[in-house]
Amino acid sequence: MYELTGIRKYFHRGAETVWALDGVDLDIADGEFLAIQGPTGQGKSTLLVLLGGLDRPTEGRIVFDGRDLGRLAELQLAELRAADFGFVFQSFNLIPTLTAQENVETALVPFHLSPDERRRRAHQALVDLGLEDRVGHLPSELSGGQQQRVAIARALVKDPKVLLADEPTGNLDEDTRDEIVGALEGLWRNRGLTLVLVTHDSWVARRAERIAVIKGGRVNYGDASWPSTGREPDPELVA
Amino acid sequence: MYLTYIRRELRRRSKQAIVVAVGLAIGIGLVMTVSATSTGVENAQLQVLHSLYGVGTDMTVTKTASAGSGGPQHFSGFGGNAESAPAAGTQISRNTLRPTPGSATLPAADVSKVASLSGAAAATGGLVLTDTSFSGTISSATSGAGTGATRSTGAGSSFDISSFSVDGVQISKSGVGPLDAAEVAKGSYFSSSDNTAMVAIVSSSYAGQQSLSVGSTVTVAGDSLSVIGIARMPSGSADVYIPLGTAQSLAGLSGDVTTIYVSATSAANVSSLAAEVQRTVPGATVSTSAQLASEVTGSLSSATSLATRLGKWLSIAALAVAFVIAGLLMMAAVSRRVREFGTLKAIGWRTRRIVAQVMGEGLALGLVGGVAGIVLGLAGSEIVSLLAPSLSATVGSSFATGGGDFGAFGGGGSAGATSSSPAGGGLARAFDSARTVLVHLSAPVQSQTILVAVCLAVAGGLVAGALGSWRASRLRPAAALRRIE
């Protein structure tokens, strides 16, 4: 599904150039559950953003289903994001003025469905995540776990090929974390989608089929050798 | 979803939305009020011109009396020299019908000459006259003293003087002239056989003052005329209208007119027609409505200047400030919603959809501000109409020849006058009724003004939305999401 070759990405921080990713090679198979783990500020989220077509690499190629995301026009990327990628964020990123159901409906706006069809699908997505009694509630009226489940419903209501989750449990307590990870895992198994989950939580990472550890802008696999830099991985970060 | 999102977002930012809407409302309300006031001033000017000219008239042709020809005039058998002076206790009662002081007559044949000019749609002749009544008793103190020009001003004499304006008009309606467009509220207009009939149409204001009604009689030059109609005339119009033939007969001006009213075939050829008329009637004064308008002075002129200059710039400044504030607040609002828009882009919303959302919010604010602005504008125009004082307009006069029917009483006449119409005042009133008009300023809101207000509201909303959208369109989704790491 994904083939990443020699991905480098830098940002400017004042006069300084910061390499967030410094030569990442990564393959992700169709239907795989991959956890990307690593300390804060090491490029995990940057990698997820590139996988979701939200940004382009400075160097290298990201091929998704045969298409180089770095070469697609913004409009084509928007279509891909609408149809194939679902995002779940650490801070839920729900629209505060819209109800749970309306938030889920926002993901269906690009499809130009009839209002009835949009409402029906959004409602069903919320029911699937056990939120049938919260459809009319604003985000501020929901707990953290409920908000994240609304965000997951929003990501999955359009039946994407890939679910990209950026620290989905980062703002949740332990019980809620288990609940959310369980929900994601269940959806991955039942729907056969590809799940890429960024986390710094080893417990969460261990639920994945495979773990990629990212540090200093490079990726290591738990059972693979480090790239040619010769730097040793942090043992605590390798599951 | 689109409207729900707009509504909820504006409700969330209600304080900011109110500031933007109020700002736009003040700007739009001010524009409406100024525009309505401007319209009111224009209407007042038209009213002035119509009262002096008559509706539909593009120019008038008059002749000014040559210098010195007016001289101090006097009633026949009264004044002139000491030998003919009446004795003390003599009862005086005279009535005259004369052209307005300073004006000379033109041959009535000039009317048809002007009417036949190419570019002239219609021309009609008229006699602008003043009927003056004088009565009183010569006291012993004034008898036999001095000359006719001065001796009647002494104290002790008691005179009643009254005057009213009379227009002799052609009775065939030609679409031009002082009475032609007037609405005869009661009674009827002249019939085709009335050219020399002893009939009159009086203005409603004069009818009110004199308690006249259809069927009453009004005395003109000492003769009784039957009132056949009462017409609604603008302020400053003549008090009594009579057929031209009757006026010529009563004033002893057979075959003469004082004014030729002319309408042009189109507004574009008024100037060329005026030049042609000038050649056709040598020595005459040709005044176009544009010239007359430019000669209007007094508080009406000041109001026009205020409305067009201060009002215009005040409106522009208020609108500009409102637009800028609305735009900046929208940009600030978008900046605070970076994560929200980044999220929407991440889930597949196109930039143009987000731009449309922000534009929609701006437009909604503009419309709310527009509605409030229209209410403010209507209220403002009502307040202007309620509080505005009556404005006076004076058209520059060429009364260089001086003198008049009551030249003998000029200046100090009021000292000896006991009636409500002192001698000196009589002349002043004759002057005023011809050249000065009082109009009440109203500020009518026209449908075009409301349309402009709606357009301004939409424009304001779009400006605000465009600035916000510009900010939103420049957001990169990754940068937006990175802010929350």
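The values are calculated or read from the model by the stated rules, or taken from the named source; none is laboratory data. No experiment lies behind these values; they were computed from the predicted model shown. Methodologically, a virtual Cβ is constructed for each residue, glycine included, from the backbone with ideal geometry; neighbour enumeration extends over all protein chains shown. To get the accessible areas, we keep the full protein, side chains included, count just its heavy atoms, and leave off ligands, DNA and RNA. Shrake-Rupley method; radii C 1.70, N 1.55, O 1.52, S 1.80 Å.
Quick one: pull the percentage of alpha-carbon pairs in chain A with a separation above 28 Å. Intermediate results must be reported in sequence, preceding the final value.
Details: 9037 of 28441 pairs.
Cα-Cα pairs of chain A separated by over 28 Å account for 32 percent.
Given the convex hull of the Cα atoms of the stretch A:54-154, what is a quarter of its surface area in nm²?
Its Cα hull, projected and averaged over all orientations, spans 7.5 nm².
Quick one: buried accessible area between A and B, total over both chains, 1.4 angstrom probe, nearest 100 Å²?
Working: alone 11190 and 21780 Å², together 30550 Å².
So the buried area, both faces added, is about 2400 Å².
Say each of A:SER114 and A:ARG189 gets a label point 7 Å from the Cα, pointing the same way as Cα to Cβ; how far apart are those two points in nm?
3.7
Please compute the length gained on full extension between B:ALA466 and B:SER118, using 0.36 nm multiplied by the number of residues separating them and subtracting their Cα-Cα distance.
Gain in length upon complete extension: 119.7 nm.
Please report the net charge: other residues with Cβ closer than 12 Å to the Cβ of B:ALA332, K and R +1, D and E -1.
Local charge sum for B:ALA332: +4.
Hey, got the average number of other protein chain Cβ atoms within 10 angstrom for residues in A:88-101?
What the average comes to for A:88-101 is 4.
For A:MET1, what accessible area in Å² do you get when you roll a 1.4 Å probe over the heavy atoms of the protein chains, rounding to the nearest 10?
Accessible surface of A:MET1 is approximately 40 Å².
Please compute the Cα-Cα pair-distance distribution of the stretch A:112-229 with 10 Å bins starting at 0, giving whole percents from short to long.
Computed distribution, short to long bins: 12, 39, 31, 13, 5, 1.
How would you rank A:83-91, B:92-100, B:276-284, highest first, on the average number of other Cβ atoms within 10 Å across their residues? Display every interim value, and only then the final one.
Working: A:83-91: 23.0, B:92-100: 19.1, B:276-284: 15.3.
Those peptides, ordered most packed to least, come out A:83-91, B:92-100, B:276-284.
Grab the beta carbon distance between B:ALA268 and B:LEU387, set R0 = 35 Å, and tell me the FRET efficiency rounded to 0.05. Numbers along the way, then the final one.
Working: r = 39 Å, r/R0 = 1.13.
Plugging the Cβ-Cβ distance into 1/(1 + (r/R0)^6) gives 0.35.
For the full complex of protein chains and a 1.4 angstrom probe, list B:THR285, A:THR199 by accessible area with the highest value first. Walk me through the intermediate numbers first.
Numbers: B:THR285 55, A:THR199 0 Å².
Correct descending sequence by accessible area is B:THR285, A:THR199.
Pull up the cross-link candidates among the lysines for A:LYS158, meaning alpha carbon to alpha carbon under 21 Å and not fewer than 8 places away within one chain.
Those lysines meeting the cut-off are B:LYS345.
So for A:TRP203, B:TRP349, A:TRP188, what's the accessible-area order with a 1.4 Å probe, most first?
Working: A:TRP203 85, B:TRP349 5, A:TRP188 25 Å².
The most accessible residue leads, giving A:TRP203, A:TRP188, B:TRP349.
Could you compute how much accessible surface A:TRP19 exposes when probed at 1.4 Å, giving the result in Å² to the nearest 10?
90
How large is the accessible surface of B:SER263 in square angstrom, using a 1.4 angstrom probe and rounding to the nearest 10?
Surface open to solvent at B:SER263 totals about 10 Å².
Extent of the stretch A:1-91 along each principal axis, from alpha carbon coordinates, in Å, largest to smallest?
Result for the stretch A:1-91: principal-axis Cα extents of 37, 28, 28 Å.
Calculated FRET efficiency, A:LEU75 and B:VAL321, Cβ-Cβ r, R0 56 Å, to nearest 0.05?
On the way: r = 38 Å, r/R0 = 0.68.
It comes out at approximately 0.90.
Using a Gaussian network model of chain A whose springs link C-alpha atoms within less than 10 Å, name the residue from A:ALA165, A:ALA100, A:ALA29 with the highest mean-square fluctuation.
Checking each option, the largest mean-square fluctuation is seen for A:ALA29.
What is the local net charge at B:ARG350, summed over the other residues whose Cβ is closer than 9 Å to its Cβ (Lys, Arg +1; Asp, Glu -1)?
Once all neighbours under 9 Å are counted, the net charge is +1.
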